[in-house]
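Derivation of every value follows stated rules applied to the coordinates shown; laboratory data play no part. Nothing here was measured: the structure is a model prediction, and the numbers come from that model. Ideal geometry is used to build each Cβ from the backbone, glycine not excepted, and the neighbour counts take in all protein chains shown.
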Amino acid sequence: MFSIRSSLSLVVLGLSLLSNAAPSKRHHGGLQARSDIPLLQTRHTAGHQDPKKKITLYHGTPMSNLKDKMEHMVANWPPTGKGDFSRTGGIYLTDSLRAAAQWACYGKSTSDGQEGGIIEYTWDGESANVYPYSSWPSKADYQNFIHANFAGMLKDSGSLTRNEAKAKAAELVAFSKKHDMFEGPMETAEPKITDHFWQYAIVDLEAFKAHAKMTAGYKVACSKIAAGNSLKLDDTQGPVAKFSEAIT
């Protein structure tokens, strides 16, 4: 256990995934406390968290990176290089603690599969320049945006010439730089990551400093984190009540 200079506590979680269990209190596939911790509760909402509001988001990372990211996120910006929503990098998060745990444990080649780290943030998007997933005219437009940022080209150029497609990809990359945050479904070939992973990316450092506040850091035991599609489309979570009850 290490000390966090920001005085935020790092807690150790033993998290179990509900799959086919039928508990007396409906958790919608959410966090389940150990049998000796009956007070752990989670709050779920239909759909995903609205990035234009004040919400809780989670960043999964290998345990070996957790301390450095918690202490030096701004100094070492961006924590992730080119990705789905930005060719120049940003920080990627999700609205599900368990999805973040999957990514921390199974989504990175540097993860040891034993322990994962999660950083919890409060994001206040009321005055931020957010481009929500629902604003894309079509799924094809969204996918072209992703491929333009990550690969520098369109996924489907249709009837565009090579030069036109190249210009369109550059236009989408420039579009990314005009916003603070994007959100949408993540396409992944990782077999241990849910197909229903919903990602949020803060792609501007000043927006991160102005609208995101780190609230906690967690260490998770990967043996407690089920892989794959245990997470469903409606499995999202907001702030967790009495979360300290999950400390092991």
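The packing ranking of peptides 55-61, 175-181, 145-151, 126-132, highest mean first, is 55-61, 145-151, 175-181, 126-132, where packing means the average number of other beta carbon atoms within 10 angstrom of each residue. Judged by the ratio a/c of the largest to the smallest principal axis of the C-alpha gyration tensor, the stretch 54-152 counts as prolate, that ratio being 1.5 or greater while a/b is larger than b/c. Beyond 24 Å in Cα-Cα separation lie the following of the pairs K168/K192; K168/K213; K69/K213: K168/K192; K168/K213.
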